[in-house]
Structures are given as structure tokens and as C-alpha cells.
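Readers should treat all values here as calculations from the given coordinates under stated rules, not as data from a laboratory. Quick caveat: nothing in here was measured; it's all calculated off a predicted structure. With ideal geometry, Cβ positions are generated from the backbone for all residues, glycine too; neighbour counts draw on all protein chains shown.
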Amino acid sequence: MTLDTEQLKQKVEKRQAKAERATAAMQAVQDWAADATKTDDRAKESYRKLKDSLKEQRRAVKRLTSEVAEARDTAKSAKQDRRKATRELASQQQTATKQLAKLAKEQAAAAAEDASDQLQAGRPTRALRTAGTAGSTSKRAPAKKASSASRRTTKTSAGATPSARKSATSTSTGGTSKRTPAKRTAAKSSPAKKTST
């Protein structure tokens with residue numbers, strides 16, 4: 001009995017050791033399976049998110065491609081429109097320049113005709129003013145100089161003799177034909193001075 005009991009105990013101990021090893025192995029595999037399941041779930045979720053992101057990025061790329069094509073067409077059309085506008089502007093500037101030149105020429109001719117009529121009517125100062133207002137700033141300068149010269153002549157004649165005043169008046173209002181009688185008058189007054197001496 002003792003021998004049989006001892007053998008049974010040894011068998012039980014061996015069987016228990018095998019069972020413990022099997023249980024430990026099963027626990028290890030169970031832990032491995034649990035970790036693998038978690039990893040698989042995380043991988044599936046990451047894959048799903050990346051796939052959705054890829055779809056969104058593809059839609060964004062498609063949308064951006066369409067916008068780029070539209071912007072390219074708009075830029076091309078704007079460039080053509082700019083060239084047309086530049087050519088049209090140059091043409092209009094040339095036309096406006098020609099019309100302004102013709103207008104200035106016609107205004108100058110009309111002013112010259114008016115000035116000639118006023119001169120024939122005996123209004124030389126007004127004729128000079130009419131001729132001066134029709135031109136540009138450079139053409140107005142001689143008229144201003146002439147009017148200032150006439151004012152200087154008038155101021156000078158204010159303190160002169162009656163004959164000199166007549167000469168200054170004829171110089172400021174008339175042409176060369178009116179200056180000659182003034183000189184003759186001054187020449188005629190010289191014998192009177194000699195007689196008084």
C-alpha cells in the first residue's frame with residue numbers, strides 16, 4: 001500500500017506540473033491574443049481614418065485642380081483683355097492728341113481772326129488780349145510783356161512834357177504809323193524852344 005500510494009503521489013505531482021505548465025502557456029497565449037486583438041482594432045481604426053483622410057485629400061486635390069484650371073483661364077482672359085485695353089488706350093490717346101491739336105489750331109485761327117477784326121476796328125489792346133488768351137502759357141508770355149511795356153511807357157509819360165505824353169500815348173495804343181507823327185510833332189516843337197531862348 002505504501003508503494004502504491006507513493007507512486008500515485010508522484011503521478012499526481014507530475015500531472016499537476018504538466019497542468020500548471022499548460023495553464024501558464026494558455027494564459028500567455030490568452031494575453032497574446034488579447035494584445036493582438038487590441039492591436040488589430042487600433043490598426044483597423046487607424047486604417048479607416050487614413051482611408052477617410054485620403055478620400056478627403058483626393059476630393060480637395062480635385063477641387064484645387066478645378067480651381068487652378070479656372071484661375072488659369074481667368075488669368076489668360078484678363079491678360080488678353082489687358083492687351084486689348086492697352087491698345088485701345090493708345091489709340092484713344094492718339095486720337096485725342098490729334099483732336100486737341102486741331103482744336104488748338106482752330107482756336108488760334110479764330111482768335112487771330114477776332115484779333116484782326118478788333119485791330120481793324122481800332123481796338124489794338126483788346127486785339128492783343130484776344131490773341132493772348134487763345135494760346136498756351138508760352139504764347140501768353142509775349143502778351144504779358146507787351147502789356148507791361150505799355151504800362152511802363154504810360155508811367156514814364158506821366159512826368160514828361162505834353163508832346164512827350166502824346167508820343168507815349170501813340171506808342172502804347174498804335175503801331176509804327178502812329179509813332180511817326182509823334183516824332184514829327186516833337187521835331188516841330190524844337191523851333192519854338194529855340195525862339196524862346
Worksheet entry | Filtered residues of segment 74-129 (kept if over 26 Å from the mean Cα position of the chain (by Cα) and of a type in the set (S, T, Y)) | S116, T125
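Can you tell me which of A78, A101, A90, A71 is closer than 30 Å to R129 by Cα, surrounded by 10 or more Cβ atoms within 10 Å (Cβ to Cβ), free of Cβ contacts under 8 Å to residues at least 60 places away in the same chain and small (G, A, S)? Steps first, answer last, please.
Details: A78 fails: closer than 30 Å to R129 by Cα; A90 fails: closer than 30 Å to R129 by Cα; A71 fails: closer than 30 Å to R129 by Cα.
Testing whether each residue is closer than 30 Å to R129 by Cα, surrounded by 10 or more Cβ atoms within 10 Å (Cβ to Cβ), free of Cβ contacts under 8 Å to residues at least 60 places away in the same chain and small (G, A, S) leaves just A101.
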